[in-house]
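Chemist: Before anything else, here's the structure in question.
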Amino acid sequence: MFRLRTIMLSLTLGNRVTASRVATTAYSFDLWKAFCHAPVRGGSCSNHHEHPNDEYMEKPHMTNNADQYDIAIVGGGMVGMALACALSSMPLTKHLNVAIIDSNPALGLRNFVKKDDLPDPRVSTVTPATISFFKDVGAWDYVQQQRHAFFDKMQVWDYTGLGYTRYNARDVGKEILGCVVENKVLHASLLSCLQNSDFQKTIYPARLASMTLQSSHPSADREFQPSNTKGLSLLQKKHLGSIAKLELTDGSSLHAKLVVGADGSKSRVREIAGLQTTGWNYSQNAVICTVEHTVENLCAWQRFLPAGPIALLPIGNKFSNIVWTMSPEEASVHKTMSEDDFLKAVNHALDYGYGPHPTSISHGQHIDGFMSSGVSMPSSGSDNFEVPPKVVKLVSERMAFPLSLMHARDYASHRIVLIGDSAHTIHPLAGQGVNLGFGDASALSNAIAEGILTGGDIGELTLLKKYEKERKPANIMMMGILDGFQKAYSVDFAPLNLLRAAAMQGAQYFQPLKKTIISYATVPPSFVLRKTVQYQYMEGESQCSILLFVGAVVHETRDAAVHFLISMTWIVFSVESIEFRVSI
């Protein structure tokens with residue numbers, strides 16, 4: 001028996017996906033334990049706990065002609081480069097010597113993005129918080145020189161025609177809700193920012209092959225294992241793991257006080273370190289592409305269909321990005337069908353396909369069937385339901401990729417820390433994945449600066465756990481909310497359809513709720529957790545998420561009634577405390 005505080009939410013911001021159905025028999029408390037003690041995914045383990053000093057780094061045993069660095073960032077994608085830029089922009093960290101390990105040849109180029117190129121289908125919806133982070137590290141000026149699209153409105157609606165919500169930045173006194181930017185533009189902007197700084201960085205065009213912890217005492221060297229200190233003297237234990245040695249696929253090697261895993265969902269760093277994960281695959285693929293309109297698209301659109309949501313995101317110059325969630329079989333068909341047939345399918349999905357348009361409620365009318373209290377909710381003309389602009393041309397290849405959820409039980413071990421998709425991959429329904437990754441980069445750079453300020457060791461586990469403690473609740477909360485939304489919209493069940501519509505209509509016509517939703521979507525989740533939700537984060541061995549546990553119960557069940565009850569408890573109702581006896 002345990003208690004869960006849930007929150008009220010009916011927003012989905014600019015992206016996508018959906019869930020698999022897995023046979024089930026019974027649910028016991030063992031499922032909860034499984035999330036707290038998930039099986040290891042990948043190689044051997046790590047967890048050394050001593051705190052060495054810099055003097056040990058100069059010993060001949062540790063040098064072996066390998067280069068020495070303060071930090072080695074494995075993965076030079078958007079999140080890895082964001083961390084490097086953050087470190088280069090802070091007075092306490094700009095003196096650090098950093099290695100970036102990535103085989104992507106783009107890291108050795110300058111100005112590899114041309115503004116006149118057709119938009120790439122891989123885009124991200126960055127929040128105002130992420131934009132502020134880019135401005136702080138000096139990268140936003142580069143973004144503004146390339147194609148990007150701010151939007152101040154978005155519309156979310158259901159295929160049943162029972163409900164819709166329109167969000168406007170002015171409702172919370174903001175100028176924008178977000179900005180859609182191609183991933184290559186974000187990456188190139190961060191890279192340009194770093195190249196134009198005097199930050200000490202070295203790029204290794206290779207991949208990580210192996211990694212060991214070394215010390216100033218030869219007999220104390222150990223592979224990555226959680227507890228391998230038997231037979232060592234106290235002196236050897238003191239010197240254990242004072243530096244990490246990385247062997248690369250091109251035969252080179254280097255040493256670093258701290259290794260940052262920013263190498264994606266199939267992280268080699270996480271695998272070698274033996275950091276455990278939990279999660280599941282959704283039985284859904286996302287089809288993405290770039291399309292063109294005859295008019296400029298200034299709004300973000302998302303419609304929930306029976307098989308998953310379709311999103312239409314503006315990217316400037318009459319172009320938009322499509323993200324369409326569907327089954328793998330449907331994805332294969334839509335990826336290979338003719339352009340004309342695909343355009344017809346897209347316009348069908350964004351207009352009258354699958355069901356009617358929702359009905360806008362005029363001033364003074366009641367939300368009939370949804371608000372029995374008789375409260376009248378005014379609607380301005382700009383809040384009336386609108387049909388998205390028609391798609392007239394396909395201007396990029398169609399790409400498809402499978403969708404999944406993954407979360408690392410620990411983000412850090414001695415001299416190892418994970419950020420971005422290496423630590424968590426989430427349902428892309430609200431486009432929050434990359435924003436969470438940038439939040440990780442910001443938090444870790446601050447933790448490193450704090451360690452330097454206090455004279456500590458930047459690879460010390462206690463310091464890295466501070467970063468983990470700050471980021472894990474925010475990431476878990478967002479993962480749980482989006483996974484819950486995905487599950488609630490994956491079942492065509494009449495009572496659930498009505499409650500979904502009620503949630504949308506409530507958000508549309510009840511302004512305080514709408515403002516809360518917009519604020520949650522545009523403010524860093526960690527801030528919301530501290531100031532609004534009062535989420536009860538569990539310490540010690542129970543640091544994994546109640547939300548993920550409840551998500552697992554919903555994910556495993558095929559019973560529509562159970563699916564309906566748990567999903568709506570999770571999403572719609574604000575419950576002070578709910579007791580779950582996990583013996584369904």
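The values are calculated or read from the model by the stated rules, or taken from the named source; none is laboratory data. Everything numeric in this text was worked out from a predicted model, so none of it was measured. As a convention, Cβ positions derive from the backbone with ideal geometry for all residues, glycine included, and neighbour counts pool all protein chains shown. The protein model used for the area step is the full one, side chains on, heavy atoms only, and it has no ligands, DNA or RNA in it. Shrake-Rupley method; radii C 1.70, N 1.55, O 1.52, S 1.80 Å.
Chemist: I'm checking my understanding of the structure. Among residues of region 431-456 that are open to solvent by 10 Å² or more (accessible area, probe 1.4 Å), in contact with a Ser or Thr (Cβ under 9 Å, 6 or more places away or on another chain) and aliphatic (A, V, I, L, M), which one is farthest from ARG270 (Cα to Cα)?
Modeler: ILE452
Chemist: Based on what the data block shows, is ASN347 open to solvent by 20 Å² or more (accessible area, probe 1.4 Å), closer than 19 Å to TYR164 by Cβ and at pLDDT 95 or above?
Modeler: Yes; evaluated as a whole, the condition is true for this residue.
Chemist: Looking at region 382-391 only, could you name the residues that are at pLDDT 95 or above and either in a strand (DSSP E or B) or open to solvent by 70 Å² or more (accessible area, probe 1.4 Å) (or both)?
Modeler: LYS390
Chemist: So is SER227 out of contact with any helix residue (DSSP H, G or I) (no Cβ under 8 Å at 6 or more places or on another chain), at pLDDT below 95, of a type outside the set (Lys, Arg) and surrounded by fewer than 18 Cβ atoms within 10 Å (Cβ to Cβ) or not?
Modeler: yes
Chemist: While we're on this one: When residues of region 319-341 are filtered for being part of a loop (DSSP other than H, G, I, E, B) and surrounded by 15 or more Cβ atoms within 10 Å (Cβ to Cβ), how many remain?
Modeler: Selection size over region 319-341: 1.
Chemist: Based on this model, can you work out whether ALA307 counts as among the small types (Gly, Ala, Ser) and at pLDDT below 95?
Modeler: yes
Residue-wise test of (1) in contact with a strand residue (DSSP E or B) (Cβ under 7 Å, 6 or more places away or on another chain); (2) without any contact (Cβ under 8 Å) to a residue 40 or more places away in the chain; (3) open to solvent by less than 20 Å² (accessible area, probe 1.4 Å); (4) under 30 Å from LEU498 (Cβ atoms).
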| position | (1), (2), (3), (4) |
| --- | --- |
| GLY77 | no, no, no, no |
| ALA84 | yes, no, yes, no |
| HIS95 | no, no, no, no |
| ASP116 | no, yes, no, no |
| PRO119 | yes, no, yes, no |
| VAL126 | yes, no, yes, no |
| ALA129 | no, no, no, no |
| SER132 | no, yes, no, no |
| GLN155 | yes, no, yes, yes |
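Chemist: Further, regarding this structure: Can you tell me which residues in region 294-318 are in a loop (DSSP other than H, G, I, E, B) and surrounded by 18 or more Cβ atoms within 10 Å (Cβ to Cβ)?
Modeler: ASN297, ALA307
Chemist: Still on this structure, I have one more. Any residue in region 431-452 that is touching a residue at least 40 places away in the same chain (Cβ under 8 Å) and farther than 14 Å from GLY178 by Cβ sitting within a Cβ distance under 9 Å of a residue that is hydroxyl-bearing (Ser, Thr, Tyr) and not in a helix (DSSP H, G or I)? List the pairs, counting only those 6 or more apart or interchain.
Modeler: As it stands, the answer is ASP440/TYR411; SER445/THR93; ILE448/THR93; ALA449/THR93; ILE452/THR93, since those pairs meet every condition given.
Chemist: Do we have any residue at all in region 314-336 that's in contact with a Cys (Cβ under 8 Å, 6 or more places away or on another chain) and hydrophobic (A, V, I, L, M, F, W, C)?
Modeler: Yes, region 314-336 has at least one match.
Chemist: I've got another one for you. Which ones in region 394-430 are among the β-branched types (Val, Ile, Thr), buried (at least 24 other Cβ atoms within 10 Å of the Cβ) and at pLDDT 95 or above?
Modeler: Listed by number, the residues that qualify are ILE416, VAL417, ILE419.
Chemist: Of all residues in region 407-421, which are closer than 15 Å to GLU271 by Cβ and under 10 Å from the mean Cα position of the chain (by Cα)?
Modeler: Within region 407-421, ASP421 is the sole residue that qualifies.
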